Every structure is written in structure tokens, then in C-alpha cells.
Amino acid sequence: MWAAGYVTAETRTLLQAAAALKTKYGGSMTGWKLPTVCAVTSPPGCDQIVPTAAGAVNVLPQPFDNRGTFYRADAITGHRP
């Protein structure tokens with residue numbers, strides 16, 4: 001990101017984002033407390049999974065978890081010795 005003594009556009013954008021976060025939440029990241037779930041709004045206010053209610057029960061939102069394999073279904077074929 002640093003090249004020949006000047007800052008690239010990507011680095012400048014990253015530094016600006018970091019400065020905005022420090023301004024909003026404070027300088028020490030240990031004090032940052034962000035909600036894991038929030039009210040269902042459009043656009044969303046936080047990263048969460050909002051299921052579609054398709055029956056008699058209403059399912060609450062759950063925190064987003066970055067586990068791609070958890071939600072993937074595999075079709076296993078063949079014989080395993």
C-alpha cells in the first residue's frame with residue numbers, strides 16, 4: 001500500500017475509515033461495544049441473519065456468523081471403503 005514514498009488511494013481510504021471509527025467509538029478498540037442483533041430495518045442496521053417467517057411461528061434474527069460451510073449442503077455420492 002505504501003509505494004515509493006506516497007500513499008495509494010486504497011491506503012488513504014483505509015486510513016479515513018479508521019479515523020471515522022476512532023471518532024465514533026473512541027480511540028481504544030477495547031471499549032468498542034457493537035450490537036450483534038438489532039431491529040429489522042431497511043437498510044439493515046447491523047450484520048444479522050433475518051429468516052423469512054413462513055409458518056405459524058416467528059423466528060428472531062440471529063447474529064451473522066461467517067461460516068460458509070455451515071450453510072452449505074453437499075451431495076455425497078459413491079461408496080466409501
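Data for the structure
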read-out: Sequence ranges 49-57, 33-41, ranked by mean other-Cβ count within 10 angstrom, highest first; value: 33-41, 49-57
read-out: Label-point gap, in nm, between THR23 and THR41 - each point 7 angstrom along Cα→Cβ; value: 2.0
read-out: Gain on full stretching of the segment that runs from THR52 to GLU10 - 0.36 nm per residue minus C-alpha separation; value: 11.4 nm
read-out: Shape category assigned to region 9-49 from the gyration tensor of Cα positions, a/c cut at 1.5; value: oblate
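A short reminder: the numbers here are calculations on the coordinates, not readings from a lab. Predicted, not measured: the structure shown is a model, and the values here were computed from it. As a convention, Cβ positions derive from the backbone with ideal geometry for all residues, glycine included, and neighbour counts pool all protein chains shown.
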